[in-house]
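The values are calculated or read from the model by the stated rules, or taken from the named source; none is laboratory data. Predicted model only: the values in this text are computed from it and were never measured. When we count neighbours, we look across all protein chains shown, and the Cβ atoms used for this are built from the backbone with ideal geometry, even at glycine. We work out accessible area using only protein heavy atoms, side chains counted, and drop any ligands, DNA or RNA first. Shrake-Rupley method; radii C 1.70, N 1.55, O 1.52, S 1.80 Å.
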Amino acid sequence: MRTPAKVRVGDAPDTRVVGPVSQTDIVRFAGAGGDFNPLHHDPGFVATSGFPGVIAMGQMQAGILAGWVSDTFGVEHVRSFGVRFVAPVFLGDTLTVGGTIVEITEADGKSLADVDLVVSGTKGPVVTGSATVVVATT
């Protein structure tokens, strides 16, 4: 088991940059997750939908964010994780993934940090969320 990350309230661990998002990224995720909605791969269908182009599935961004949380804090230290989809992600968008420690509490002899999470795209936030992780205080 990895040692819990040492953090303080206000810390913002290193962000991760992903992208630009390609059609191949979307197709790979569709194959893995089984989401074959034509909004994610059919430009003709998308043209009738009101969107300006093919969009990536929200669960792809949620998965990228979950990967950042587990890589940053250790999957064995994650106690909760939740997201809210804010805006669509389009082909060519570059995503910046990160979070900020907003509170640290003690429970059952462990330090638990609440982390505000965000995935930002080319035009601003696309996914927000929160996680609770076991940490070591500095």
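What FRET efficiency would be calculated for the residue pair Met1, His41, taking the C-beta separation as r and a Förster radius of 41 Å, to the nearest 0.05?
0.50
Once R0 is set to 25 Å, what does the formula 1/(1 + (r/R0)^6) return for the Cβ-Cβ distance between Val102 and Thr137, expressed as a FRET efficiency to the nearest 0.05?
0.95
Of the heavy-atom accessible surface of the chain (probe 1.4 angstrom), what whole percent is carbon and sulfur?
Roughly 55 percent, rounded to a whole number.
Just report the Cα centroid separation between the range 107-124 and the range 17-92, whole Å.
19 Å
Taking 0.36 nm per residue of separation and subtracting the Cα-Cα distance, what length does fully extending Lys123 through Val27 add?
32.3 nm
For the range 83-138, what does the accessible surface come to per residue with a 1.4 Å probe? Please give it in Å².
Result: 47 Å² of accessible area for each residue.
Looking at the chain, what % of its DSSP beta bridges pair antiparallel, to the nearest 5?
Here the share of antiparallel DSSP bridges comes out near 95 percent.
Based on DSSP H runs of at least 4 residues, each adding -39500 (n - 2.57), what is the mean residue ellipticity at 222 nm of the chain after dividing by all its residues, to the nearest 500 deg cm²/dmol?
Calculated mean residue ellipticity at 222 nm is -7000 deg cm²/dmol.
Can you tell me the FRET efficiency between Thr94 and Asp116 if r is taken as the Cβ-Cβ distance and R0 is 35 Å, rounded to the nearest 0.05?
About 0.95, to the nearest 0.05.
Which length gain, in nm to one decimal place, applies between Gln59 and Glu76 when the Cα-Cα distance is subtracted from 0.36 nm times their residue separation?
4.0 nm
From the phi angles alone, apply the Karplus equation (6.51, -1.76, 1.60; θ = phi - 60°) to the range 125-134 and give each ³J(HN,Hα) in whole Hz, x where the residue is Gly or Pro.
In residue order, the calculated couplings are x, 10, 9, 10, x, 8, 9, 10, 9, 6 Hz.
Pop out the ³J(HN,Hα) list for the range 78-91 in order, Karplus 6.51 cos²θ - 1.76 cosθ + 1.60 with θ = phi - 60°, rounded to Hz; leave Gly and Pro as x.
7, 9, 7, 7, x, 9, 9, 7, 9, 7, x, 10, 10, 3
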